[in-house]
Structure formats: C-alpha cells, structure tokens
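The values are calculated or read from the model by the stated rules, or taken from the named source; none is laboratory data. Since this is a predicted model, take the numbers as computed values, not measurements. When we count neighbours, we look across all protein chains shown, and the Cβ atoms used for this are built from the backbone with ideal geometry, even at glycine.
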Amino acid sequence: MKILVVGAGATGGYFGGRLLERGQDVTFLVRKARAAVLARDGLLIRSPAGDAALPSPSTVQASTLNHAFDLIIVSCKAYHLAQVIDDIAPAVGPDTAILPILNGMQHLDLLDARFGAKHVLGGSCFIASTLNAEGVVHHLGKPHRLTYGERDGSRSERVEHIEQAMLKANFESFLSSSILQDMWDKWVFLASLAGITCLMRAPIGDIVAAQGGTQATLQLLEECSRVAEACGHAPSEAALQRSRSVLTEADSSTSASMMRDLEQGGQVEADHIIGDMLARGEAAGLDLPMLRVTYAHLKAYEARRSHAKLG
Ligand SMILES: NC(=O)C1=CN([C@@H]2O[C@H](COP(=O)(O)OP(=O)(O)OC[C@H]3O[C@@H](n4cnc5c(N)ncnc54)[C@H](OP(=O)(O)O)[C@@H]3O)[C@@H](O)[C@H]2O)C=CC1
Ligand SMILES: CC(C)(CO)C(=O)C(=O)O
C-alpha cells in the first residue's frame, strides 16, 4: 500500500515514522525546510516506546507530486488545511482513501467538499508529541493511539488493508465501527483540555490546585458535552467519566498541544477546536458562557500575536 503522510510534524512524523520503521511504503509530503532537515538528518523519533532513526525517508514536495496514493494520512494543523487540500489533489486517484487525524470535526466537511465523502475516512489520534527546533519528533507520554474507520461504520476492504499495515507498527491502532462518535468524544475532551489549559496557562494539576479551577474545567466539559448532544453525538457516561477523571486529577502535568503551541508564541487552532464547537452549540440555541470566554481569550491571543508580528 502506497502511503502519503502530509506533514512530518509532531503527529505525522510520529505515526508515519512508525509505519516506515516496520517497512511500509511511506512518503512524506513536506515543504522545503522540512525536506532539507529530513534529507540531512533522517526522521528521528524520541519516545518512551523506543527511539527510531530513519535515514533518508522518502519525501515529496507539492510541486513534484504527480501520482496517486492508496492512503493519504493528513496530519497538518487545521489552519494549513486549505493549502494542503490544494497540494494533495494530484495524489487523490479514484481509489484513494484520505485519513485525517486532525483534532475537531470541521476538516471532514472541507475534505468532503473537495474530494467527495467517499474518499474520506474518519480518524483521530491520541498522543502528546512535538517537533523540536532540531526537527526531532518527541513523544512526550505513553499513549500513542490511532483510531480510524469508515464513517458509516462498515468494515470495507480498504480499511482492512489499512488495518493490516497499522497492526504491524509500533503504536496502538484501532479500526473503529463508530469513528464519528469517537471523534466527537475526543473533541469534547480535547476542547475542554485545550480550552482550560490555555485559559489558565497551566497544566491540569495546577488548575485543580487553584480555587475554582476544577469547577471551571467541569463547566467547560459540560458545555462541550451539551454541544455534542445537540449535534446528535452525546458522549456516553463512561466517556464523560474518563474525561472528568483526567481533567480533575491532582498533581497532573497533563496539558494540550494547543497550550504547548501557545506557550511558544505559536499559531493555535482556535477556530477549528473552540470556535467551531461554540458555533455549533450556538446554532442549536445553547448558552455557552465558558466556551465564549475561552474562544474570546484565544482570539485575543491571536490578535496580540499578529500585532507583535507586524511590529
Ligand atoms: N501534537 C500533538 O500532541 C497532537 C496533535 N493533534 C492534532 O494533530 C494535528 C496536527 O498537529 P501536529 O502534528 O501537532 O502539528 P505540527 O505543526 O507538529 O505538524 C504539522 C506539519 O504539517 C506540515 N505542513 C503544513 N502545511 C503543509 C503543506 N502544505 N505541505 C506539507 N506539509 C505541510 C508542517 O510543516 P512545516 O514544517 O513546513 O510548517 C508541520 O510540520 C492538529 O490538528 C492537532 O490538533 C492531535 C493529537 C495530539
Ligand atoms: C488529547 C490530546 C492531549 C492527546 O491526543 C490532544 O489531542 C492534544 O494535545 O492535542
């Protein structure tokens, strides 16, 4: 199976690298600077599950992408998706499956609109990883899970082929028969985690230790869960309980990739992860004060960041 991984960043570099490590036919669609680093140093992964050094991984840049792939794993940030959609068009043939692993849900609509829903699988990853200044992918915790599936829940031939490839790799993979619900569950959890850790500029343990911290966190989780319910994807009580326990754990160093990006002064997926949750909830007539404040906070950060860049 010919696999194109879009972006060799924190998630694409990790999961694509793990597939390559076990002999899968993986090519990374990268931009110029990343291509140069990969050609010079190879793809390097540091992980508690085992380091990997993959010399000279196959890469391609948009200008020379000219044939179809069987599977395209989309692992860019949401704010780069419009460009990525243009760039991958030559790689989408009649039988290509596109597997996005971005957080949130909105990207499915954009991919469907351009390529047709039949090409687009559901997907989600659970990992804390980052790409450092030297271009090394750092896996920061234990979880490294990729969940995917047909959005109608069927067990098609193409997802069975993907399953064969994924099962050999050094990460947990699950072929799901309820991937849309899985994506919503992840989004509800992630929007709460990213929202509260960015708002408080602190990991979960410090928020729990602050007066009112747990209450604010649980209110945000409850609002996100009501949005999911209004959209026909209410989280199960078990999923909510898992989220509550991670989000209220004393002394926890858990934070979200959005908080890591924000603390480095980077761009954040404010519209995709928080704004879209808020918009869907408000369209359903819900009152969502914590989500409103969280979104305003991120938009103010973005405004300040763009002034700083101009100045
Ligand atoms: N990091 C994490 O722990 C987790 C992240 N996620 C989600 O996964 C998604 C990806 O995040 P993450 O991997 O952290 O992001 P990164 O920024 O680390 O990686 C994305 C990569 O995409 C590349 N890219 C962007 N546009 C293009 C393009 N047109 N052509 C080729 N490459 C391109 C960027 O390359 P360049 O270097 O050229 O900018 C970058 O290296 C997000 O939606 C995030 O929310 C989900 C779970 C955990
Ligand atoms: C939920 C979590 C922390 C792990 O996948 C994540 O998605 C993120 O940090 O963006």
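Here are a few things to note about the model shown:
- Residue list for segment 88-113, restricted to those being among the polar types (S, T, N, Q) and surrounded by fewer than 14 Cβ atoms within 10 Å (Cβ to Cβ): none
- Test: residue in segment 192-208 that is out of contact with any helix residue (DSSP H, G or I) (no Cβ under 9 Å at 6 or more places or on another chain) and over 30 Å from Asp51 (Cβ atoms): no
- Here Gln267 meets the list (1) under 20 Å from Ala10 (Cβ atoms); (2) surrounded by 18 or more Cβ atoms within 10 Å (Cβ to Cβ); (3) touching a residue at least 60 places away in the same chain (Cβ under 8 Å) almost entirely, failing just condition (2).
- Residue check for Ser173: polar (S, T, N, Q), within 15 Å of Phe126 (Cα to Cα), within 15 Å of ligand 2 (Cβ to nearest atom) and in a helix (DSSP H, G or I): no
- Residue in segment 265-278 that is of a type in the set (Asp, Glu), assigned to a loop (DSSP other than H, G, I, E, B) and within 21 Å of Leu81 (Cα to Cα) present: yes
- Within segment 66-80, the set of residues being among the hydrophobic types (A, V, I, L, M, F, W, C) and either buried (at least 19 other Cβ atoms within 10 Å of the Cβ) or more than 25 Å from Val159 (Cβ to Cβ) (or both) comprises Phe69, Leu71, Ile72, Ile73, Val74, Cys76, Ala78.
- Single residue of segment 191-217 satisfying the filter (in contact with a Ser or Thr (Cβ under 7 Å, 6 or more places away or on another chain) and without any contact (Cβ under 8 Å) to a residue 40 or more places away in the chain) that is surrounded by the fewest Cβ atoms within 10 Å (Cβ to Cβ): Thr214
- Odd one out for Asp287 among (1) loosely packed, with under 15 Cβ neighbours inside 10 Å; (2) closer than 14 Å to Tyr79 by Cβ: (2)
- Odd one out for Met290, checked against (1) out of contact with any Phe, Trp or Tyr (no Cβ under 6 Å at 6 or more places or on another chain); (2) within 16 Å of ligand 1 (Cβ to nearest atom); (3) assigned to a helix (DSSP H, G or I): (2)
- Set side by side, the residues Gly135, Gly116, Gly153, Gly149 differ, and just one is buried (at least 18 other Cβ atoms within 10 Å of the Cβ) and more than 10 Å from ligand 1 (Cβ to nearest atom), which is Gly149.
- Residue within segment 33-41 that is in contact (Cβ under 8 Å) with a residue 12 or more places away in the chain, in contact with a helix residue (DSSP H, G or I) (Cβ under 8 Å, 6 or more places away or on another chain) and outside the structural domain of Val268 (by TED's automatic domain parsing) present: no
- Pairs where the first residue, in segment 137-160, is under 29 Å from Val37 (Cβ atoms) and the second is of a type in the set (Phe, Trp, Tyr) and assigned to a loop (DSSP other than H, G, I, E, B), C-beta under 7 Å, 6+ apart: His144/Phe171; Arg145/Phe171; Leu146/Phe171
- In segment 143-170, the residues that are of a type in the set (Ser, Thr, Tyr) and in a strand (DSSP E or B): Thr147, Tyr148
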